1. Among the residues of the stretch 114-141 satisfying the criterion of being within 15 Å of the chain's Cα centre (by Cα) and within 16 Å of the ligand (Cβ to nearest atom), which is surrounded by the most Cβ atoms within 10 Å (Cβ to Cβ)?
2. When the residues of the stretch 75-113 are narrowed to those that are on the phi < 0 side of the Ramachandran plot and among the small types (G, A, S), which ends up surrounded by the fewest Cβ atoms within 10 Å (Cβ to Cβ)?
3. Report yes if some residue within the stretch 42-53 is in contact with a Pro (Cβ under 7 Å, 6 or more places away or on another chain), touching a residue at least 12 places away in the same chain (Cβ under 8 Å) and surrounded by fewer than 20 Cβ atoms within 10 Å (Cβ to Cβ); otherwise report no.
4. Restricting the search to the stretch 87-102, which residues are more than 10 Å from the ligand (Cβ to nearest atom) and either outside the structural domain of K60 (by TED's automatic domain parsing) or in a strand (DSSP E or B) (or both)?
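The values are calculated or read from the model by the stated rules, or taken from the named source; none is laboratory data. Everything quoted here is computed from the prediction, not taken from an experiment. Note: ideal-geometry Cβ built from the backbone for every residue, glycine included; neighbour counts use all protein chains shown.
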Amino acid sequence: MQPKRREFLKAALCVGAGLCFPALLASCSSETKPTEPGGTVELDLATVPELQQVGGAVKKTFAPHNGGRPVLIIRLGQSEFVVFSTVCTHQGCEVELPQGGAIPCLCHGSRFAAADGHVLQGPASRALPRFASRYDAARNVLLITF
Ligand code: FES
């Protein structure tokens, strides 16, 4: 196989939802790696400049988790993080990064609290789904369980 074709196929496999098998992961360039088949991923925070400061936030996709849609990760404190689905509970638009403690959805104006995802303003009536996370300070890694 020609080198360019091989690289293209490898890249396609690496970005394909859930298609990164362990042997391929070694050749995928990514700051995340699955740790368990049950759905926990590790995010190396050294590779995420948006999360270096308290108050920072970023969207990341860990397909196939969260239906292939991004999650919103917010650093609330030195060792405190929250991880939400970006899928608005009103009609499924993708919410924006937080502004002034609120996560807006631009489709119809819903707003969710950045601290816990509860609804600040409708029309959404349900909180943003939250995923469990744990910060490993010794390794500067965030473990997210889907
Ligand atoms: S889809 Fe978010 S407010 Fe309607």
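1. Applying the filter and picking the extreme gives L128.
2. Going through the qualifying residues, I end up with G77.
3. no
4. Those that are more than 10 Å from the ligand (Cβ to nearest atom) and either outside the structural domain of K60 (by TED's automatic domain parsing) or in a strand (DSSP E or B) (or both): Q99, A102.
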